[in-house]
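Please treat every number below as a calculation from the coordinates, not as lab data. Computed from a predicted model, the values in this text were never measured in an experiment. Positions of Cβ are generated from backbone atoms using ideal geometry, with glycine treated the same way; all protein chains shown enter the neighbour counts.
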Amino acid sequence: MRVLVLGAGQLARMMSLSSIHLGIEVLAYDVSTKQVINPVTFEVSNSTLEQEVERSFAITAEFEHIPEDVLAICESSGKFYPGARSIATGGDRSKEKVLLDEAQVSCAPYALITEKSHFLAAVDKLGMPLVIKTCQAGYDGKGQWRLKSEDQVERVWSEMAGFIESGTLSAPHSIIAEKMIPFDREVSIIGVRSKDGECKVYPLTENQHTNGVLTLSIAGKEKAAIQGQAEAAFEKLATQLNYVGVLAIEFFDVGGQLLVNEIAPRVHNSGHWTQQGCQTSQFENHMRAITGLPTGSTSLLRPTAMINVLGQESIPHTVLSVPGCSSHWYGKQAKPGRKMGHINVSADNLHQLGERLAELADILPEDDYPGVQDTSHALILN
């Protein structure tokens with residue numbers, strides 16, 4: 001059985017590695033070079049997109065910003081999961097807001113902006129502070145502004161206007177302004193929906209970000225009430241999209257009430273912990289779902305933390321001396337801020353997880369791995 005992944009990065013790589021024992025062969029289509037490659041060995045194939053679409057049993061994607069012509073070819077095959085609508089919704093915040101409204105899932109108050117009058121009306125209606133995001137082409141904290149006072153309005157608008165003007169008639173650009181909500185923490189839910197509509201959801205994950213990029217995730221802390229809110233949101237959104245595969249939803253936790261920040265129609269960075277924390281990882285469950293295989297358990301086996309490796313030349317081998325620790329390297333060329341790999345560490349309980357994170361904090365420099373030491377202290381004292 002062959003699966004084609006649109007995108008040739010680390011998510012395609014991990015989907016491939018998780019599928020070998022299922023007898024699934026994975027190839028990836030690099031949309032920038034228009035080459036078909038093996039996402040593990042990086043060997044380049046001489047086949048075309050159209051040929052691989054014909055040969056593949058199923059087609060999926062590892063990211064949202066896929067050219068419309070590529071989406072159209074894959075969608076017309078009838079093999080593309082989770083489908084063009086889901087991918088387009090995840091890649092455009094204005095479509096995402098429409099989905100949330102249709103599914104009656106809560107998010108922060110917002111306004112769509114395509115011209116200056118909309119911007120001024122949003123400031124008047126929503127008040128300040130505002131967080132302002134591009135609807136298209138924004139990720140990992142990019143394409144965002146913070147508006148805190150009246151004296152910033154003209155400067156922020158001039159930067160926003162440049163993005164809006166860079167759109168075209170066939171691909172217009174827009175911006176979302178959201179009321180800045182004071183939140184207690186950021187959390188995410190990862191779930192999988194099969195072709196027959198069965199939903200399974202992983203435990204809620206607590207996430208820490210640095211400069212808009214995920215640096216640390218913890219799974220195994222949640223109580224039933226807040227988990228139930230997240231599961232209800234997942235089922236509503238996955239059903240509304242007639243979704244097949246793994247879907248991630250990021251939330252703000254505001255005093256125990258969850259507000260959706262954004263969705264990702266794919267396997268997700270905040271779900272990497274499932275490789276060691278669950279019987280069936282998010283990567284394997286995604287491949288099972290899109291190929292029609294029964295999905296596996298999403299229950300937590302043990303509390304687990306995931307630490308992102310950003311911009312580093314390597315992961316110190318000494319991390320493997322920490323019990324319950326595993327190292328995942330993506331094989332990419334190092335660049336500042338680039339996701340180069342991740343470290344998972346598991347334990348029998350949260351206190352022990354804190355102790356193991358403390359051991360890792362002695363190995364990993366705080367400047368390169370922010371939050372590890374503070375999180376270890378919080379878990380030990382909890």
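Tabulated values for the structure
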{"quantity": "Of Pro336, Pro294, Pro129, the one that fluctuates the most in a GNM where the chain has Cα springs shorter than 10 Å", "calculated": "Pro336"}
{"quantity": "Most fluctuating residue given options Met15, Met160, Met128, as computed from a GNM of the chain linking Cα atoms under 10 Å", "calculated": "Met128"}
{"quantity": "Lys, Arg +1 and Asp, Glu -1 on Cβ, resulting dipole of the chain about Cα centre, debye, nearest 20", "calculated": "440 debye"}
{"quantity": "Gain upon complete extension [Leu22, Glu102; 0.36 nm per residue less C-alpha separation]", "calculated": "25.1 nm"}
{"quantity": "Fully extended contour minus Cα-Cα distance, from Asn349 to Ser166, at 0.36 nm per residue", "calculated": "60.8 nm"}
{"quantity": "Quotient of Cα Rg and 2.2 N^0.38 Å for segment 185-381, N being how many residues it contains", "calculated": "1.00"}
{"quantity": "Max mean-square fluctuation residue, GNM over the chain, Cα-Cα springs under 10 Å, options Tyr110, Tyr81, Tyr243", "calculated": "Tyr110"}
